[in-house]
Amino acid sequence: MSRTREGAGVPLPLLLPAALGTAFLVLPMVGLLVRAPWSDIGPALAAPEVGQALRLSLVCATLATLLSLVLGVPLAWVLARSRIRGRSALRALVTVPLVLPPVVGGVALFTVLGRNGFIGSWLNEAFGITIPFTTTAVVIAETFVAMPFLVISVEGALRAADTRFEDVAATLGAGRWTTFRRITLPLVAPGIAAGAVLCWARALGEFGATITFAGNYPGTTQTMPLAVYLALQDDPEAAIVLSLVLLAVSLATLLLLRDRWLGRSGAPGA
Amino acid sequence: MRARLALVAVPLLALAACTGSSASTDAAPSADAEPTGTVTVFAAASLTDVFTELGQQLEDQHPGLDVQFNFAGSSALAAQIEQGAPADIFASADEAPMTRVTEAGLAGDPELFASNRLVLAFPLDNPGDIRQPDTAGIPSLAQYLDHDLVLAVCAPEVPCGVAAAEVLERVGLSDAPDTFEDDVRGVLTKVELGEVDAGLVYWTDFQTARDTLGAYTFREAEAARNRYPVAVLDDAPNPRAAQAFVDLLLSDEGQQVLSDAAFFEP
C-alpha cells in the first residue's frame, strides 16, 4: 500500500469490525429510505402539524442545549478542576440521567416541578406558574436527559487539556475566573462544541421524559419523536415519512455546524 | 412510571413473555387431540389482567399447553402482526385495528367478546373541584368539564383516544384536553400523580386504581363505547390451541371473568 495517503492502510483486525459496525449503524437507516413512500414526503412537509412539530423540536432542542451549556460547562469545570470533597460522588450523581429510563426521569421531574412537586407547588401558589404540559416543560425534560452528555464530554476535554497554560496564566497574575475565561475556555472549545452537538442530538430525539413530564399537545409540547411514535400507532408509513424529515433536518444541521465550527479542526494539516 | 413503576412492569413482562414465545410447537392435527404446545396471544393492554387469568385457566385444563401473551396498544399490535409477528390470536380494544388485520387478509371474521366505556377519573383530593351535578339521570360530560380544567385524554391514534375524541366532540369540548397520551396508562398515571384535574380512561382501568381515584360516568360514553373483537390468525402456528382459547373466552366461564373485571357485554 502506498504511503502517499496517511492512514489508508487499515489493519485487518480493525477493518472488519469497523465495517460491521458501520453496517450495523447504517443499515436501519437504509431500511427507512427503502421503505419510505417518497411521493408522500412533499405533502407531509407541507402539512401544518409536521412543520409545527419540527419547529418545536428544533427550538426546544436548541434551548435545552443553551441551558445545558450555561449550567453544564461550569459543572464540568467543578468536576475536572476543583478539589471539593465528594467529587466522584457528585460526578456519579449528575450522570444518573444517562442510565435512568427517560420515562422515570419524567416522573422524577414531576416530583420536583410538578403541580404537587416541592418546588412546583410553591411556584404554583406564589406565582400561579405551572410547568407541566407547557413548552417550558419540554425544554426542562430535554435538558435533564441531554445535559449529562455535555458534562461528560467537557469534563473529558478539561482533563485532557494541558494545565500548564493555566499555571502560566496564574503566575502572570491572572485570577481563576480570568484564567477560565481567557485560557481554559478557548483551550477546550472543540470539546465543548462536540459536547453541545451530542447534547443537541440527544435532546432532539428525546421521547420518554418529554411525553411524561410535558405531555403531548400539538403546537406546544408535541415534538417530532412524539409525532412519530403516535403516527406509528395507526399509520406506519406516515411514521417513516416523519422519521425521514427529522433525520434529514438533523443531519443537515449537524453538517452545517461541522463546516462552520469543526470543519478545519477535523482535518489535520489543512 | 408513578406508582407507575408497577404499571410499567406489566408491558415489560409482556415483552419478555413475547420474546420467549417465538418457538410455537404445532399440535398434531388429529380430530380429538388435546391442545398442546405454545399458543401466542396478542392482546390489548386493557385485557392484561383478564387474559392472564383466562390463560392460567386454559393451562390448568390442558397440562401440555403453554399460553404466552404480548400485551400492548391494539394499533401497535396490529402493526406487529402486519409485519409478520408469529401470533396465534389477536384481541383488539377496538374494531379499527382488527379491521386493519382482516383487510390485510391475515384473519377471518372476528367475534366480539366484550365492550368498555370511558369514565371521567379524577384524583381523590379533587384539585379541579369537579362536582356531581344536581340533575336527574346520568349527567352529560359537559356538566363536569370546562376549559379551565387540566384534562388528559388518549391520543386519537389509539382506541381510547378515538372514543375520547368522540365524546368531547359531542359536548363541543374538543379543545379542552391539555395532553394527548400515547395510551390509557399514560392518562391514568397523570391523574394518579395529581398533575391533571381529570382524565378520560376506560371504566376497567379505573377499577385497577379505585384506591387512589374517583370517577364519574357520563351519558355520552355509552354511544362511544368500544367493542373488543378477537380472531384466530390465518397463519397461526397453533390453530387448535388458539381455537381453544377463543372458545374459553366466549364461554359463560370466560364471560364471567370479563364481567368480574367490570367489562361490559359486547
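The numbers here are math on the coordinates, done by the rules we state, and not lab data. Computed from a predicted model, the values in this text were never measured in an experiment. Here the Cβ positions follow ideal geometry from the backbone for every residue, glycine too, while neighbour counts run over all protein chains shown.
Do the sum for the protein assembly as shown: with -39,500 (n - 2.57) for every DSSP H run of n ≥ 4, divided by all residues, what is the mean residue ellipticity at 222 nm, to the nearest 500 deg cm²/dmol?
Result for the protein assembly as shown: -17000 deg cm²/dmol, rounded to the nearest 500.
Hydropathy at least -1.0 by Kyte-Doolittle, axial extent at least 20 angstrom from the Cα trace: which helices of chain A, defined as entire DSSP H runs, fit?
A:12-35, A:48-81, A:135-160, A:189-204, A:236-257
Taking θ as phi - 60°, what are the ³J(HN,Hα) couplings along the range B:109-120 by the Karplus curve (6.51, -1.76, 1.60), each to the nearest whole Hz, with x for Gly and Pro?
5, x, 10, 7, 10, 6, 9, 9, 9, 7, 10, 9
I'd like the Karplus ³J(HN,Hα) series for the range B:220-231: coefficients 6.51, -1.76, 1.60, θ = phi - 60°, whole numbers in Hz, and an x wherever there's a Gly or Pro.
5, 5, 4, 5, 9, 5, 10, 9, 9, x, 10, 8
Testing the spin-label approximation: label points 7 Å from Cα along Cα→Cβ at A:VAL99 and A:ARG87. State their distance in nm.
Spacing of the two 7 Å Cα→Cβ label points: 2.1 nm.
What is the Cα centroid distance between the range A:200-219 and the range B:31-73, reported in whole angstrom?
36
Rule-of-thumb check for the protein assembly as shown: C-alpha Rg over 2.2 N^0.38 Å?
1.14
Through the Karplus equation 6.51 cos²θ - 1.76 cosθ + 1.60, θ set to phi - 60°, convert the phi angles of the range B:100-107 into ³J(HN,Hα) values in whole Hz; use x for Gly and Pro.
3J(HN,Hα) across the range B:100-107, in whole Hz: 4, 6, 5, 5, 7, x, 9, 7.
At 7 Å along Cα-to-Cβ for each site, give me the label-to-label distance between A:LEU251 and B:ALA136 in nm.
Computed distance between label sites A:LEU251 and B:ALA136 equals 6.8 nm.
Give, in whole angstrom and from largest to smallest, the semi-axes √(5λ) of the equivalent ellipsoid of chain A, with λ running over the eigenvalues of the Cα gyration tensor.
34, 31, 16
Give me the distance between the Cα centres of the range B:90-157 and the range A:76-144, rounded to whole Å.
Using only Cα atoms to place each centre, the spacing works out to 33 Å.
Can you give the extra length, in nm with one decimal, that the chain gains between B:ASP234 and B:GLU222 once fully stretched, where that is 0.36 nm per residue apart less the Cα-Cα distance?
Extending this stretch completely gives an extra 1.0 nm.
If amide H atoms are built 1.01 Å from N in the plane of the peptide, which residues on other chains or at least 5 residues away come under 5 Å of the amide H of A:THR221?
Correct list: empty.
Just to be sure I follow: if Rg is taken over the C-alpha atoms of the range B:141-266 and Rh is the Kirkwood radius over the same atoms, what is Rg/Rh?
1.05
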